[in-house]
1. Do any strands (runs of 3 or more DSSP E) lying entirely in the range 1-93 carry at least 1 residues that are farther than 14 Å from LEU104 by Cα, at pLDDT 80 or above and among the hydrophobic types (A, V, I, L, M, F, W, C), and which ones are they?
2. Six or more apart or on different chains, Cβ atoms under 7 Å: show the pairs whose first residue is in the range 173-189 and closer than 18 Å to LEU162 by Cα and whose second is among the β-branched types (Val, Ile, Thr).
3. Which pairs do you get when a residue that is in contact (Cβ under 8 Å) with a residue 60 or more places away in the chain, found in the range 221-237, comes within reach of a residue that is in a helix (DSSP H, G or I) and buried (at least 16 other Cβ atoms within 10 Å of the Cβ), reach meaning Cβ atoms under 8 angstrom, with the pair 6+ apart or on two chains?
4. Output the residue which, of all residues in the range 23-43 that are in contact with a Ser or Thr (Cβ under 8 Å, 6 or more places away or on another chain) and closer than 21 Å to ARG113 by Cβ, is surrounded by the fewest Cβ atoms within 10 Å (Cβ to Cβ).
5. What are the residue pairs meeting all of these: first residue in the range 109-127, first residue over 15 Å from TYR73 (Cα atoms) and in contact (Cβ under 8 Å) with a residue 40 or more places away in the chain, second residue assigned to a strand (DSSP E or B) and charged (D, E, K, R), Cβ atoms under 9 Å, and 6 or more apart or on different chains?
6. Report yes if VAL249 is touching a residue at least 24 places away in the same chain (Cβ under 8 Å) and in contact with a Lys or Arg (Cβ under 9 Å, 6 or more places away or on another chain), otherwise no.
7. Going through the range 326-361 one residue at a time, which ones are among the hydrophobic types (A, V, I, L, M, F, W, C), modelled with pLDDT under 85 and touching a Gly at 6+ places or on another chain (Cβ under 6 Å)?
8. Considering only residues of the range 275-287 that are among the hydrophobic types (A, V, I, L, M, F, W, C) and surrounded by 20 or more Cβ atoms within 10 Å (Cβ to Cβ), which is farthest from ALA243 (Cα to Cα)?
Amino acid sequence: MSALMHATPEQLRMIVESAFAARFLLSDDHILYVNQATEDMFGYSAEELVGRTVDMLLPDDVRARHVHLREDYYRSPRRILLGVDKDVRGRKKSGAEFPVHVGLAPIHDDDGRLFVAVTVFDISHHKEIERQLVERANELQLANERLARFAYIASHDLQEPLRKIAAFAEIMTASLAGHELREAEHASAVVRRSALRARELVDGLLAYSRQVSTPPRLQPLDVREEIEAVVSDFSELLRQTRAKVVVAVPPGVIVNADRPQFERCLANLLSNAIKYRKPDRAPDIRFSVEHAGRELHISIVDDGIGFEPKYAEAIFEPLRRLHSFTQYPGTGVGLALCKSMCERHGWRIEARSQLGAGATFTMTIPQGEASSALKASA
């Protein structure tokens, strides 16, 4: 350490040139030497930097404060590391700002002149890892909250068919003992329906848990082709309900998605549109896509019974139902699967409706996750 404190200018230059981190020497805040790493990090050549003040490497909002920080440092030069307890940013020639750690070390030559060795570490990669960890922690917390709600709702919903099975099994036993076959047959039918209902709920729970725990395997998918494949799978139900489906999606609209999860989501949305149709009208259903700024919207619109706007978020909760099972059979996990799929892909899904006026479900995909022939024709 004592040798460095009394190094010659040539030795100082050699130290700067050989450093792997961005490193340069200052004298009275003017840059004397820079190494190659400094040129690479900030985008300036050595000729552009030497002789200039260090202000050119600072963001605009920091430069005014830097005057006071510089005066304080030169009054009491010391070894310090900046950026550990608060954010410090550097500024590239391009104007881009990036997070850094900055080390300052005072050095005196044989004549007692003060130099400051500055070492700069680009911590963008570390900040990105930190951001991902925070994001992941938030996702886990959200998942835990959903699982807690899910477990409560699941246990509550399963109680009803299990209670019926237990009650009517006793009735069936008593009826058989009393040779009341008609009552025993009725009890047997109720037990069977309740058992099927319980199995349907369990299957729904398993489908939801598998999708939540399985990472999506992304691949480019043509939205029109995926919608047409799902519509084809529903051909018999569409015939029975006389439903009309319009696919207003041009070929060439591509999204990066997990095919099974994406198709399941489309199938659930189409199934909902058919199920919640008005009793006296054949359903009219329309798929469409639209670019809105930096996002792609995939929508399915129906003219069914709709729902009150206050339930627009609640309907995506697992096992949340707005109607009785007798009136509209189902597990209540279809829309929850859609929401789970969208969240795991970094998308959003929203519902808009008015009671008696149909519903619109829209998946929103950020730019970069989707490309489209619509752009070429716009």
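The values are calculated or read from the model by the stated rules, or taken from the named source; none is laboratory data. These numbers were taken from a predicted model, which means no experiment stands behind them. Positions of Cβ are generated from backbone atoms using ideal geometry, with glycine treated the same way; all protein chains shown enter the neighbour counts.
1. Numbers: elements: 22-27, 30-34, 80-82, 89-91.
Qualifying strands (runs of 3 or more DSSP E): 30-34.
2. Here the result reads ALA187/ILE171, each pair linking the range 173-189 to a residue that is among the β-branched types (Val, Ile, Thr).
3. Partner pairs satisfying both residue conditions: ILE227/LEU266.
4. Just the residues of the range 23-43 that are in contact with a Ser or Thr (Cβ under 8 Å, 6 or more places away or on another chain), to begin with: 23-24, 29-31, 35, 39, 43.
Now narrow it down to the ones that are closer than 21 Å to ARG113 by Cβ: 23-24, 29-31, 35.
Details: ARG23: 21, PHE24: 25, ASP29: 16, HIS30: 12, ILE31: 22, ASN35: 22.
So, considering only residues that are in contact with a Ser or Thr (Cβ under 8 Å, 6 or more places away or on another chain) and closer than 21 Å to ARG113 by Cβ, the one surrounded by the fewest Cβ atoms within 10 Å (Cβ to Cβ) is HIS30.
5. THR119/ARG23; VAL120/ARG23
6. Considered against the rule, which asks whether it is touching a residue at least 24 places away in the same chain (Cβ under 8 Å) and in contact with a Lys or Arg (Cβ under 9 Å, 6 or more places away or on another chain), VAL249 comes out as yes.
7. VAL333
8. So the first thing to find is which residues in the range 275-287 are among the hydrophobic types (A, V, I, L, M, F, W, C), and the list is 282, 285, 287.
Still in the list and also surrounded by 20 or more Cβ atoms within 10 Å (Cβ to Cβ): 285, 287.
Working: ILE285: 7, PHE287: 13 Å.
Among those that are among the hydrophobic types (A, V, I, L, M, F, W, C) and surrounded by 20 or more Cβ atoms within 10 Å (Cβ to Cβ), it is PHE287.
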